[in-house]
Amino acid sequence: EDKVVQSPLSLVVHEGDTVTLNCSYEVTNFRSLLWYKQEKKAPTFLFMLTSSGIEKKSGRLSSILDKKELFSILNITATQTGDSAVYLCAVENNYGQNFVFGPGTRLSVLP
Amino acid sequence: DSGVTQTPKHLITATGQRVTLRCSPRSGDLSVYWYQQSLDQGLQFLIQYYNGEERAKGNILERFSAQQFPDLHSELNLSSLELGDSALYFCASSAEPGLAGGDTDTQYFGPGTRLTVL
């Protein structure tokens, strides 16, 4: 059964800190790994990763995938209070084109 | 604002009833996805349509069905509702049906419909 595990489940930091969120997975016929940010309502897409070792960056956020070790990390540098959210990791498989989500990491950034 | 609209915003109904949730994708997007998010189960993928055809099926119950119409809007029908169906139901759209690595795969989520079953 396809599975996504995220750690930590919850994280509290102060503004300016750098955080690393982890996502490990087991999936049949991996196609892609996706990161989302969910604040109050709908998830917002952050990154889609399909290839190992290629870092994707968007401002202070970056992410990388390791398909051999079956994990991905999401880095946020110089955190701001606006980064407070639940960060969801999901994997997509080729078989049935299913998406499996992890439980999320709740990040709280204190001023 | 993602450009994806969902109606209604909130829905309260009783067990055993049937409801229809509606989703309009972003202009030009051909693919629509439905997700269910509850407190105990997290976010779960239900079903995907691409240009009117069912493309992928996730953890969708037999009591639930969906369709995508020629104008590309989609409806999710939930019948014989149970207390456990109370959740936030999201619709998302993307331009393409999930070609790995392409920017057009990006899924844009609507604001969700909160369903409460009493």
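The values are calculated or read from the model by the stated rules, or taken from the named source; none is laboratory data. Note that the structure is predicted; figures quoted are calculated from it, not measured. Note that each Cβ is placed from the backbone with ideal geometry, even for glycine, and that neighbours are counted across all protein chains shown. We work out accessible area using only protein heavy atoms, side chains counted, and drop any ligands, DNA or RNA first. Shrake-Rupley method; radii C 1.70, N 1.55, O 1.52, S 1.80 Å.
With Rg and the Kirkwood Rh both taken from Cα atoms, where does Rg over Rh land for the protein assembly as shown?
Here the Rg-to-Rh quotient is 0.97.
Averaged across the residues of A:38-51, what count of C-beta atoms belonging to other chains lies within 10 Å of each residue's C-beta?
Working: counts 4, 0, 1, 8, 14, 10, 4, 8, 1, 1, 8, 2, 4, 2.
Mean inter-chain Cβ contacts per residue within 10 Å come to 5.
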| note | Result for interface chain B to chain A, accessible surface buried in total, 1.4 Å probe, Å² to 100, stands at 1600 Å²
| query | Over the range A:4-58, what is the relative contact order in whole percent, taking alpha-carbon pairs under 8 Å and six or more residues apart? | reply | 25 percent
| query | Tell me, what is the per residue accessible area of the range B:1-60 in Å², probe radius 1.4 Å? | reply | 53 Å²
| query | Within the accessible area of chain A, what % is carbon and sulfur when the probe is 1.4 Å and the other protein chains stay in place? | reply | 50 percent
| query | Are there GluC sites (Glu not before Pro) in the range A:6-81 that DSSP marks as loop and that have at most 14 other Cβ atoms within 10 Å, and which are they? | reply | A:Glu15, A:Glu39, A:Glu55, A:Glu69
| All other residues with a Cβ under 15 Å from the Cβ of B:Lys9 taken together, and with Lys, Arg as +1 and Asp, Glu as -1, what is their net charge? | +3
| message | Please report the net charge: other residues with Cβ closer than 12 Å to the Cβ of A:Gly16, K and R +1, D and E -1. | response | -2
| query | How many Cβ atoms of partner chains, on average, are near each residue of B:39-46 if near means within 10 Å of its Cβ? | reply | 4
| request: Work through the residues other than A:Val4 whose Cβ is under 12 Å from its Cβ and net out their charges, Lys, Arg +1 and Asp, Glu -1. | output: -3
| To the nearest 10 Å², what's B:Tyr50's accessible area with a 1.4 Å probe? | 60 Å²
| remark: Counting lysine pairs in the protein assembly as shown that sit 8 or more positions apart or on different chains, with Cα atoms under 17 Å apart, gives 8
| Got a number for carbon plus sulfur as a percent of chain B's accessible area, 1.4 Å probe? | 48 percent
